[in-house]
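K.L.:
Got a structure for you, written out below as structure tokens; questions coming shortly.
The values are calculated or read from the model by the stated rules, or taken from the named source; none is laboratory data. Remember, it's a predicted structure, so these values are computed and weren't measured experimentally. As a convention, Cβ positions derive from the backbone with ideal geometry for all residues, glycine included, and neighbour counts pool all protein chains shown. Protein only, heavy atoms only, side chains kept; ligands, DNA and RNA dropped before computing areas. Shrake-Rupley method; radii C 1.70, N 1.55, O 1.52, S 1.80 Å.
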Amino acid sequence: MHATPQNGQQKNGHQKNGHAPLAGFTVGVTAARRADELGALLQRRGATVLHAPALRIVPLADDSELLSATKELIDHAPDIVVATTAIGFRGWIEAADGWGFGEALLQCLRGVELLARGPKVKGAIRAAGLTEKWSPASESMAEVLDRLLEEGVEGKRVALQLHGEPLPGFIESLRAGGADVVGVPVYRWMPPEDLAPVDRLLDATVARAVDALTFTSAPAAASFLARAEDRGMSIELFAALQHDVLSACVGPVTALPLQARGVETVQPERFRLGPLVQILCQELPSRARTLPIAGHRVEIRGHAVLVDDELRPVPPAGMSLLRALARRPGWVVSRAELLRALPGSGRDEHAVETAMARLRTALGAPKLVQTVVKRGYRLALDPAAGSKYAD
């Protein structure tokens, strides 16, 4: 599905044969950690990426809460430690080492029942010279919880390495089972110091200038929604997310803040960045509007149009006109109505003519849009398709 350079780029820079699956789509990335990796994966598949970290990570060396929890565990060793992420576990050991408590923490962990959520965490544990007692095949925290409750946690002290993600019901279930639970808050999240990128992404989402948003942590999703609320944009944001902009989450926990507000999400079966990008490669093209117009196959994407499989970038004003025409393919749309579809165009209908001329040039097939004298414009829908779209 990837665009390839053979047959050469045409002089106008468009790919002649084939196109990347996300070409013509704009995707917002809200991640703070591994954002470059996610952005590169998306761009490799043709997407335009808007990056706006919705959170920032508190540096471990400055984190007084983590320092306090570490000292508490060294002084009063737990019976069980649950390690949830490899990067979090490594960071915890490195931070303790920096504070001068590294060996004391390792000594403490050698004497406890150490559980690892998955293979990456097992690797981090063993790299620290420790050995885990058990790890679930499913990499699921639910399976970890089931094992703990089956074995019984009454009167036991359980340390849980947190990683900025909420673990709904996990801590509550352990406490209900009689455990004393100590949270180890590795990598706490806070709002970004610079809110301008988030505000730009919010504005673009509300304006439907992005086709999808990606979320790789529940705190990032919650922070994004909270910023919209602070700006009085919640209603407009939810309208966009519920109807036009796809929300893609790396997994079910990440999706919780969105789903709690009635926003539908898509998630890959494997909770990794690669599968997250792959699901966008499937979902976004399948949502694009495809019409048979003037003998051409026209697929309307976010900021570009595929005309007979050739990608044609279209200016924002032109895309606004094209979408207005495509809502009623084959029907005449008046200049006044098209003027209302143009962002910030004022009252001069000449703006419609200017934008329409640029749209026709961008499409490279002027006959796709017909001028109907004194009435407006229409898409030149192929006759055989007319009845299908007439309603």
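K.L.:
Once phi is turned into ³J(HN,Hα) by the Karplus curve 6.51 cos²θ - 1.76 cosθ + 1.60 with θ = phi - 60°, what whole-Hz value does each residue of the range 324-338 show in order, with x for glycine and proline?
P.N.:
Ordered by residue, 3J(HN,Hα) equals 4, 5, 6, 5, 9, x, x, 8, 6, 10, 5, 4, 4, 5, 5 Hz.
K.L.:
Please give the calculated 222 nm ellipticity per residue for the chain, where each DSSP H segment of at least 4 residues contributes -39500 (n - 2.57) and the sum is spread over every residue; nearest 500 deg cm²/dmol?
P.N.:
Mean residue ellipticity at 222 nm (helix-derived): -12500 deg cm²/dmol.
K.L.:
If you don't mind, another one. Please check the chain for the longest run free of GluC sites (Glu not before Pro) that are loop-located per DSSP (anything but H, G, I, E, B) and have at most 10 other Cβ atoms within 10 Å.
P.N.:
With a cap of 10 other Cβ atoms within 10 Å, the longest stretch comes to 1-153.
K.L.:
Roughly how far apart, in whole Å, are the Cα centres of the range 34-107 and the range 201-272?
P.N.:
The two parts, judged by their Cα centres, are 24 Å apart.
K.L.:
Counting only other residues whose beta carbon sits under 13 Å from that of residue 196, what net charge do I get with K and R as +1, D and E as -1?
P.N.:
Result for the local shell: -1.
K.L.:
Also, I was wondering about something else. Report the label-to-label distance for residue 207 and residue 332 in nanometres (one decimal), using points 7 Å from each Cα along the Cα→Cβ vector.
P.N.:
Result: 3.3 nm between the two label points.
K.L.:
Given a Förster distance of 41 angstrom, what is the FRET efficiency for residue 308 paired with residue 142, based on the Cβ-Cβ distance and rounded to 0.05?
P.N.:
In this case the efficiency is close to 0.25.
K.L.:
To the nearest 10 square angstrom, how much accessible area does residue 284 have with a 1.4 angstrom probe?
P.N.:
Accessible surface of residue 284 is approximately 10 Å².
K.L.:
Please determine, in degrees from 0 to 90 and to the nearest 10, the orientation of helix 273-287 with respect to the longest principal axis defined by the Cα atoms of the chain, where the helix direction is its Cα long axis.
P.N.:
The answer is roughly 30 degrees.
K.L.:
Something else now. Output the 0 to 90 degree angle, nearest 10, between the alpha-carbon long axis of helix 234-243 and the longest principal axis computed from the alpha carbons of the chain.
P.N.:
The angle comes out at about 70 degrees.
K.L.:
What is the mean projected area of the alpha carbon convex hull for the chain, to one decimal in square nanometres?
P.N.:
23.8
K.L.:
Straight-line reach from residue 120: which aspartates and glutamates have Cα under 14 Å away, leaving out those fewer than 8 places along the same chain?
P.N.:
Excluding near neighbours in sequence, the set is 132, 139.
K.L.:
Would you please name the trypsin sites (Lys or Arg not before Pro) within the range 294-356 that are DSSP coil residues with at most 14 other C-beta atoms within 10 Å of their C-beta?
P.N.:
When the trypsin sites (Lys or Arg not before Pro) of the range 294-356 are filtered for loop state and at most 14 Cβ neighbours within 10 Å, 327, 347 remain.
K.L.:
I want the local charge near residue 58. Using Cβ-Cβ distances under 9 Å, sum +1 for each Lys or Arg and -1 for each Asp or Glu among the other residues.
P.N.:
Residues close to residue 58 contribute a combined charge of -1.
K.L.:
Here is a follow-up. Starting from the range 201-297, pick out the chymotrypsin sites (Phe, Trp or Tyr not before Pro) whose DSSP state is loop and whose Cβ has at most 10 other Cβ atoms within 10 Å.
P.N.:
Sites meeting the loop and neighbour criteria: none at all.
K.L.:
So which chymotrypsin sites (Phe, Trp or Tyr not before Pro) in the range 80-114 pass both tests, a DSSP loop state and at most 16 other Cβ atoms within 10 Å of the Cβ?
P.N.:
The qualifying sites are 99.
K.L.:
If you average 1/r over all unlike Cα pairs in the range 304-380 and invert the result, what Kirkwood radius do you get in angstrom?
P.N.:
When all Cα pairs of the range 304-380 are included, the Kirkwood radius is 12.3 Å.
K.L.:
State the answer as a single residue: which of 98, 74, 84 lies farthest towards the positive end of the charge dipole of the range 50-143, with beta carbon charges of +1 for Lys and Arg and -1 for Asp and Glu, about the Cα centre.
P.N.:
Checking the options against the dipole of the range 50-143, the answer is 84.
K.L.:
Cut-off 19 Å, label point 7 angstrom out along Cα-to-Cβ of residue 340: give me the residues of the range 362-376 whose amide nitrogen falls inside.
P.N.:
Residues 375-376 qualify, since their backbone N sits under 19 Å from the label point.
K.L.:
With viscosity set to 1.567 mPa s and temperature to 4 °C, compute the Stokes-Einstein D of the range 121-186, Rh being the Kirkwood radius across alpha carbon pairs; µm²/s, no decimals.
P.N.:
For these conditions, the coefficient is 101 µm²/s.
K.L.:
Between residue 75 and residue 259, what's the calculated FRET efficiency when r is the beta-carbon distance and R0 is 25 Å? Round to 0.05.
P.N.:
0.05
K.L.:
Could you give the size of the charge dipole of the chain about its Cα centre, using +1 on the Cβ of each K and R and -1 on the Cβ of each D and E, expressed in debye and rounded to the nearest 20?
P.N.:
2200
K.L.:
Please give the net charge around residue 79, taking every other residue with its beta carbon less than 10 angstrom from that of residue 79, where Lys and Arg add +1 and Asp and Glu add -1.
P.N.:
Once positives and negatives cancel, what remains is 0.
K.L.:
Over all pairs of distinct alpha carbons, what does the Kirkwood formula give as the hydrodynamic radius of the range 81-132, in Å?
P.N.:
Final number for the Kirkwood radius of the range 81-132 is 10.7 Å.
K.L.:
I've got another one for you. About its Cα centre, what dipole magnitude does the range 137-285 give when the only charges are +1 on Lys and Arg Cβ and -1 on Asp and Glu Cβ, stated in debye to the nearest 20?
P.N.:
Charge dipole, the range 137-285, about its Cα centre: 180 debye, nearest 20.
K.L.:
How far, in degrees from 0 to 90, does helix 218-230 lean away from the longest principal axis of the Cα atoms of the chain, to the nearest 10?
P.N.:
60
K.L.:
How big, in percent, is the set of alpha carbon pairs in the range 214-334 lying more than 19 Å apart?
P.N.:
In whole percent, the long-distance tail amounts to 58.
K.L.:
Here is a follow-up. When only the heavy atoms of the protein chains count and the probe is 1.4 Å, how do 331, 189 rank by accessible area, highest first?
P.N.:
331, 189
K.L.:
Determine, at each q value in 0.13, 0.26, 0.28 (inverse angstroms), the log₁₀ of I(q)/I(0) that the Debye formula gives when each Cα of the range 20-76 is one equal point scatterer.
P.N.:
After summing over all Cα pairs, the log10 values are -0.51, -0.96, -1.03.
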